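These notes are about the structure you will find just below.
All of the numbers you see were taken from the coordinates with simple rules; none came from a lab. The structure displayed is predicted, hence computed values, not measured ones. Positions of Cβ are backbone-derived with ideal geometry, glycine not excepted, and every protein chain shown enters the neighbour counts.
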Amino acid sequence: MKKNTSLLQKAQHCLNSGDAKAAALMAGQFLKACPENGEAWHLLGLALFHLKRMDDALAALNRAAVINPGSPLIRHNFGLVLLEAGRVDQAICQLGEAISLNPKFAEAHFNLGNAFMRMNRPQEAIPHYERAISYNPNHINALYNMGAALRECRHFPLAIKALQRLLNIKPDHRQGLFQLALTYQVSGNLNAAVENYQALLSTEPGFPGASYNLGVCYHEMSRFEDAIKCFRNAISINPGDARAFNYLGLSLEETGQTDEAAASYKTAIMLDNSLREAHSNLANILMNHGEYDQAINTYKESVSLDPVFFTGWYNLGNCFMELNRLDDAIDMYRTAIKIKPDFVEAHWNLSHALLKKGAYKEGFREYLWRWNRKDAPVLDFTAPLWNKKPLKNGALLVHAEQGFGDAIQFIRYIPLLRRYASRILLACDRSLIGLFSHNKIADHIIDKTKIKDFEGSCDAHIPLLNLPSLFTDSLETIPSDIPYIAPDKSMADYFADIVTGEKYLKIGLVWKGNPGHKNDKNRSCLLDDLAPLLDVPQTRFFSLQKEGGTARFEDKIIDLSKHLETFSHTAGAIHHLDLIITVDTSVAHLAGAMGRPVWLLLPYVPEWRWLLDTESTPWYPTMKLFRQHIRGDWSGPVSNMEDQLVKIAASR
């Protein structure tokens with residue numbers, strides 16, 4: 001018996017020294033003499049595990065557990081090998097048994113936590129990591145894994161605390177420092193993430209993933225040049241990193257290097273054709289370059305790689321919007337939303353597609369998603385949001401939003417509010433106050449920068465562009481009491497001697513809008529584009545462009561810019577004009593709200609309010625729409641205008 005015991009001890013020594021083959025032979029010899037020895041089966045199972053004979057190892061460990069059912073160590077090691085074999089449910093059972101036998105078994109708690117993490121059940125893993133640490137306060141691996149589990153559960157402060165504790169114990173734990181930086185990054189604390197990634201890279205410049213993740217942080221912070229350096233460094237470390245090439249393309253694109261960005265996306269695709277984002281990003285460049293058919297095919301490739309890639313469906317919808325294929329765009333946005341119901345930008349763009357199609361009921365409901373957008377202002381009011389319920393003897397605060405034109409277009413809804421509130425306050429841009437006050441749009445018109453001085457005295461508030469969602473469900477229910485704006489008499493009198501020429505057709509011109517508008521390059525034109533109109537007989541042109549810019553045509557256009565300080569001045573000038581010819585700007589809305597004849601020049605892809613394929617608009621009955629039929633080409637609609645202008649001028 002002593003000889004056999006010595007043999008088992010030698011087997012254990014061989015296993016401890018790394019000679020698993022010798023350990024297995026000795027344990028087998030021992031079991032021939034003592035086949036019911038649980039420790040020998042345990043030792044044999046561990047040796048076979050190290051020899052990667054997984055099925056034999058599990059059989060041996062199972063035999064050990066049957067013989068010695070009360071051994072927490074055998075249960076633990078059996079569970080550990082089951083976990084390595086991918087039999088996670090059985091591993092959880094054995095590790096649980098080990099803990100039942102020894103509740104303070106730190107390593108069993110640690111590995112049970114790992115098993116739950118393998119099952120993507122981090123919430124159940126966390127308590128076991130905590131117990132492992134409570135029984136072994138310096139358990140580095142438990143602290144590390146608990147940090148990861150807490151991050152997965154979005155318990156960021158606790159995750160950071162666990163990882164910092166790890167680094168206090170072992171300051172040179174580079175993987176822990178990486179995980180701390182990653183946790184800061186995921187939690188949105190990009191400055192702290194950058195600091196920790198930089199600390200890691202200062203000690204180990206080639207640490208896997210650190211340069212890439214630092215680049216992502218810089219990209220999200222709009223530090224694109226720094227991001228480009230990081231991604232190039234990541235690529236130098238790992239030339240086959242398709243993700244780094246993809247993100248490099250994004251940063252290059254942000255710095256205007258679109259050709260280099262496209263090349264980077266193509267490299268990413270060459271390295272990993274399954275990288276859906278690279279296909280979609282390349283398609284974005286193709287779309288922006290006007291290569292729509294190729295863009296569509298590339299977007300379709302991205303979603304074929306992953307049918308639940310909601311960003312790809314969304315981008316495909318955007319491409320169809322650029323082609324005025326509204327039904328296709330709506331289908332794509334709906335697909336993206338079905339996959340990700342809280343996809344804000346998809347809801348927002350869906351609203352534009354529906355509204356442009358004239359589906360106002362659903363369109364205006366989707367339009368409310370704008371308040372969830374990343375750059376949306378915070379509606380920080382003490383008064384509740386108005387829900388169309390009557391406010392008995394109450395005051396309702398309406399606050400204008402978006403551009404000047406939007407404010408002018410949608411104040412038409414304010415008269416509808418009289419039946420719900422006894423007093424209406426309207427907060428708007430300062431340059432509109434005089435115009436709206438003169439027209440008694442509301443009981444009190446206030447500067448929206450001072451809205452906090454008034455909102456406490458109101459019973460409810462509502463953004464101006466929320467009103468259509470409450471009152472308009474079709475084209476037929478648009479408030480159409482036109483005109484609803486008239487010029488101040490003093491302003492009209494002021495321009496009486498300036499806008500003159502009784503025998504002429506007096507025409508106001510506007511050819512460019514706010515350069516800060518995201519679509520201004522498409523909706524604005526050059527004054528040269530309108531030059532054919534200037535030679536039509538019996539016409540006299542007046543520039544309503546506040547920036548002037550008529551020097552080259554000073555013999556054909558009377559520049560009113562020095563007289564146009566506010567919208568009240570512009571309304572006074574419009575009052576004396578026979579026709580307003582304008583691109584899609586606030587002047588178009590002002591003239592339409594005044595009931596003046598307006599000819600509106602629209603780009604190939606117009607804003608939602610102008611619908612498609614129609615020369616009229618339900619918003620302004622005195623307005624006529626002249627549309628581009630070729631993207632970027634104003635000659636078609638201007639030629640059409642010229643023909644009609646010749647006839648009208650001649651008839652005078």
Exercise. If the chain between Gln164 and Asp497 were fully stretched, how many nm would it gain, using 0.36 nm times the residue separation less the Cα-Cα distance?
Worked result: 112.2 nm
Exercise. So what's the net charge close to Ala47: Lys and Arg +1, Asp and Glu -1, counting the other residues with Cβ under 15 Å from its Cβ?
Worked result: 0
Exercise. With charges set only on the Cβ (+1 for Lys and Arg, -1 for Asp and Glu), what does the dipole of region 371-419 come to about its Cα centre, in debye to the nearest 20?
Worked result: 400 debye
Problem set entry | Helix 106-118 axis, angle to the chain major axis (alpha carbon atoms, nearest 10°) | 40 degrees
Exercise. So what's the back-of-envelope 222 nm ellipticity for the chain, counting only DSSP H runs of four-plus at -39500 (n - 2.57) apiece and dividing by all residues, rounded to 500?
Worked result: -17000 deg cm²/dmol
Exercise. When we measure straight from the Cα of Lys374, which aspartates and glutamates land under 14 angstrom away, once same-chain ones fewer than 8 places off are left out?
Worked result: Glu220, Asp342, Glu345
Exercise. So for the pair Gln644, Val344, with labels modelled 7 Å out along Cα→Cβ, what separation do we get in nm?
Worked result: 4.0 nm
Seminar exercise, completed: Taking r as the C-beta separation of Arg365 and Ser651 and R0 as 60 Å, the FRET efficiency to the nearest 0.05 is 0.85
Exercise. In the structure shown, do any of Lys506/Lys624; Lys546/Lys624; Lys300/Lys338 have a Cα-Cα gap over 19 Å, and if so which?
Worked result: Lys546/Lys624
Exercise. How about Lys170: which lysines have a C-alpha closer than 28 Å to its C-alpha, ignoring those fewer than 8 places off in the same chain?
Worked result: Lys104, Lys161
Problem set entry | Contour minus Cα-Cα distance for Asp481 and His289 (0.36 nm per residue) | 64.8 nm
Problem set entry | region 426-459: trypsin sites (Lys or Arg not before Pro) in DSSP coil with no more than 13 other Cβ atoms inside 10 Å | Lys440
For this session: Give the angle, between 0 and 90 degrees and rounded to the nearest 10, that separates the Cα long axis of helix 310-322 from the longest principal axis of the Cα atoms of the chain.
Result: 20 degrees
Problem set entry | 9 Å beta-carbon shell around Tyr504, net charge (K/R +1, D/E -1) | +2
For this session: Quick one: which residues, 5+ away or cross-chain, put their amide H under 5 Å from the amide H of His399? H built at 1.01 Å from N.
Result: Ala427, Ile462, Leu464
Exercise. For region 470-556, which GluC sites (Glu not before Pro) are in a loop by DSSP, counting at most 16 other Cβ atoms within 10 Å?
Worked result: Glu502, Glu547, Glu554
Problem set entry | Charged-residue dipole, Cβ positions (Lys, Arg, Asp, Glu), region 283-372 about Cα centre, Debye nearest 20 | 400 debye
Exercise. Taking the Cα centre of the chain as the origin, how large is its charge dipole in debye, to the nearest 20, when only Lys and Arg (+1) and Asp and Glu (-1) carry charge on their Cβ atoms?
Worked result: 2000 debye
Exercise. Which of the aspartates and glutamates could be linked to Lys361 by a straight reach, that is with a Cα gap under 14 Å, when you skip same-chain ones fewer than 8 residues away?
Worked result: Asp473, Glu476
Exercise. Which ³J(HN,Hα) values, rounded to whole Hz and listed in residue order, are derived for region 398-410 from phi using the Karplus coefficients 6.51, -1.76 and 1.60 in 6.51 cos²θ - 1.76 cosθ + 1.60 with θ = phi - 60°, glycine and proline given as x?
Worked result: 9, 10, 5, 9, 6, x, 4, x, 4, 4, 5, 5, 9
Seminar exercise, completed: Low-density loop trypsin sites (Lys or Arg not before Pro), region 32-67, at most 16 other Cβ within 10 Å, DSSP non-H/G/I/E/B, are Lys52, Arg53
For this session: Beta carbons within 10 angstrom, averaged per residue: use that to sort the peptides 16-29, 91-104, 308-321, highest first.
Result: 308-321, 91-104, 16-29
Problem set entry | Degrees between helix 174-187 axis and first principal axis of the chain (Cα, 0 to 90, nearest 10) | 30 degrees
Seminar exercise, completed: Given the candidates Leu44, Ala115, Phe105, the one whose Cα lies deepest towards the positive end of the charge dipole of region 1-149, counting +1 at each Lys or Arg C-beta and -1 at each Asp or Glu C-beta, is Leu44
For this session: State the Cα centre-to-centre distance between region 108-171 and region 259-321 in whole Å.
Result: 39 Å
Problem set entry | Paramagnetic label zone (point 7 Å from Cα along Cα-to-C-beta, Lys52; backbone N under 14 Å) in region 6-20 | none
Seminar exercise, completed: Around Ser71 (Cβ within 15 Å, Cβ-to-Cβ, excluding Ser71; K/R +1, D/E -1) the net charge comes to -2
